[in-house]
Amino acid sequence: MKPRIVVVGAGIYGAKVIEAFYAKHRLGEIDLAAVADLSPDALSRVEKAYGIKGYADYREMFTRERPDAAAVVTPDHLHKEIAVAAAGMGVHLLVQKPLATSSEDAKAIIEAARANGVLLFVDFHKRFDPAHIHLKQAVAAGRLGEIEYGYVCMEDQIAVPLEWFRGWAHRSSPAWFLGVHFYDLVNWLLDDAPVRVYASGVKKKLASMGIDTYDSMQAKVEYSRGASVAFDTSWILPQSFGSIVNQHIRLVGTEGIQETDSQDRGLSLAYARDARSLVVNPFSAYTQTDPVAGEIPAGYTVESLYYFLRLVALIKSGEASVGSLAPFHPTGEQALLATATCEAIHRSALSGDIEYIDGC
């Protein structure tokens with residue numbers, strides 16, 4: 001029997017999740033049963049595009065549809081209530097990063113999932129980028145020796161807080177929205193835990209435009225085995241920048257160095273119809289043509305979603321248990337560590353002091 005899937009949130013990223021799940025629905029691998037969102041317009045778009053039933057109340061959707069699993073794709077600060085309700089009904093969970101914007105909320109989600117025996121998969125899709133997988137394998141094999149230091153940057157165009165998420169950008173920051181991807185990724189790459197951080201942040205551009213949040217945040221994070229990694233995050237790049245996001249990572253060890261330009265993968269475009277040239281990350285998102293289902297989303301941003309569906313199918317068929325799958329996906333506990341890191345970064349930016357990270 002196919003897993004029955006629902007989605008909570010049909011906004012900008014929710015629409016991408018629905019599109020990916022609908023591809024698997026067309027392939028006969030899942031039953032995409034319903035979508036919940038507070039916006040009647042969003043639900044109308046989903047119904048017209050996919051013929052999927054829409055609900056204004058996610059609790060009603062859970063009760064009526066009885067799904068096996070749900071994807072939570074709402075603004076970050078709203079994850080807890082939805083995830084806890086789903087877990088309480090025995091529904092497996094895919095939650096977008098960050099799991100929550102406080103350790104308290106993250107712990108509540110983790111406990112609800114544990115108490116009800118459901119899968120809690122956090123969508124840290126940077127782990128599915130082939131370049132990051134290669135880096136993970138190099139570190140694990142000791143090819144870089146002992147990691148001493150590293151550098152990360154992740155930056156968005158200003159359109160993201162100004163237009164995409166203006167209604168809740170003041171509840172977030174470049175560290176929460178962008179940095180948390182790489183806080184988790186570096187923990188995973190190093191197989192190590194962060195212990196302390198020194199950070200700063202700047203509020204200028206967005207504050208002048210009526211959005212009370214950081215333009216940029218800078219953090220130096222130290223890990224238990226001695227590595228130190230600097231993280232630069234911002235979301236004020238001009239809209240003339242060649243892509244929505246800019247991102248890089250490099251690690252240096254006693255025996256080597258490895259770095260990835262996670263954005264510029266060598267593909268640049270210039271079309272007469274566009275106002276500027278574009279730099280495109282082809283590994284992030286593209287489509288493949290299936291003889292039965294037509295155009296299917298692909299790339300590492302959706303591979304993480306498909307992987308979640310695979311795990312749900314294994315559980316439903318009895319081939320695997322929730323506990324046995326813990327080593328094979330981004331867990332709630334790992335997401336809690338990324339959230340605690342982000343909290344410490346914000347504390348340090350406010351205090352001007354070194355802040356220690358809760359071991360969770």
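In the chain, if the dipole is taken from +1 on Lys/Arg beta carbons and -1 on Asp/Glu beta carbons about the Cα centre, which of A87, T289, S351 is farthest to the positive end?
My answer, from the dipole projection, is T289.
Over all alpha-carbon pairs in the chain, figure out the percentage whose distance exceeds 36 Å. Can you show the working numbers first?
Numbers: 12736 of 64620 pairs.
Value for the chain (Cα pairs over 36 Å): 20 percent.
Taking the Cα atoms only, what angle lies between the long axis of helix 12-26 and the longest principal axis of the chain, rounded to 10 degrees?
The helix 12-26 is inclined about 50 degrees to the chain.
Roughly how tilted is helix 332-351, in degrees to the nearest 10 and between 0 and 90, from the longest Cα axis of the chain?
Helix 332-351 and the main axis of the chain meet at about 40 degrees.
Quote the convex hull volume per residue of region 256-309, based on C-alpha atoms, as a whole number of Å³.
So the per-residue hull volume is 139 Å³.
Volume per residue, Å³, of the convex hull around the alpha-carbon atoms of region 245-360?
Looking at region 245-360, the number lands at 235 Å³ per residue.
Order by neighbour count: W235, W164, fewest other Cβ atoms within 10 Å first, most last.
Result, fewest neighbours first: W164, W235.
Considering all alpha-carbon pairs of region 67-124, what whole percent are spaced by more than 18 angstrom? Write down the numbers at each step before the final one.
Working: 270 of 1653 pairs.
That fraction is 16 percent.
Based solely on its DSSP helices, what 222 nm [θ] is calculated for the chain when runs of n ≥ 4 H residues each add -39,500 (n - 2.57) and the sum is averaged over all residues, nearest 500 deg cm²/dmol?
Helices in the chain give a 222 nm mean residue ellipticity of -10500 deg cm²/dmol.
Whole number please: convex hull volume per residue, Cα atoms of region 1-153, in Å³.
In region 1-153, the Cα hull volume divided by residue count equals 156 Å³.
Counting only other residues whose beta carbon sits under 13 Å from that of T339, what net charge do I get with K and R as +1, D and E as -1? Could the numbers behind the result be given before it?
Working: positive: K80, K97, K107, R347; negative: D76, E104, D105, D184, E333, E343, D358.
Net charge in that neighbourhood comes out at -3.
Using only the Cα atoms of region 121-217, what are the Rg and Dmax in Å?
16.0, 49
Based on the mean of other beta carbon atoms within 10 Å per residue, what is the order of 214-224, 138-148, most packed first?
My ranking of the peptides, most packed first, is 214-224, 138-148.
The numbers here are math on the coordinates, done by the rules we state, and not lab data. This one's a predicted model, so the numbers in the text were calculated from it and none came from an experiment. Every residue, glycine as well, gets a Cβ built from its backbone with ideal geometry; the counts of neighbours run over all protein chains shown.
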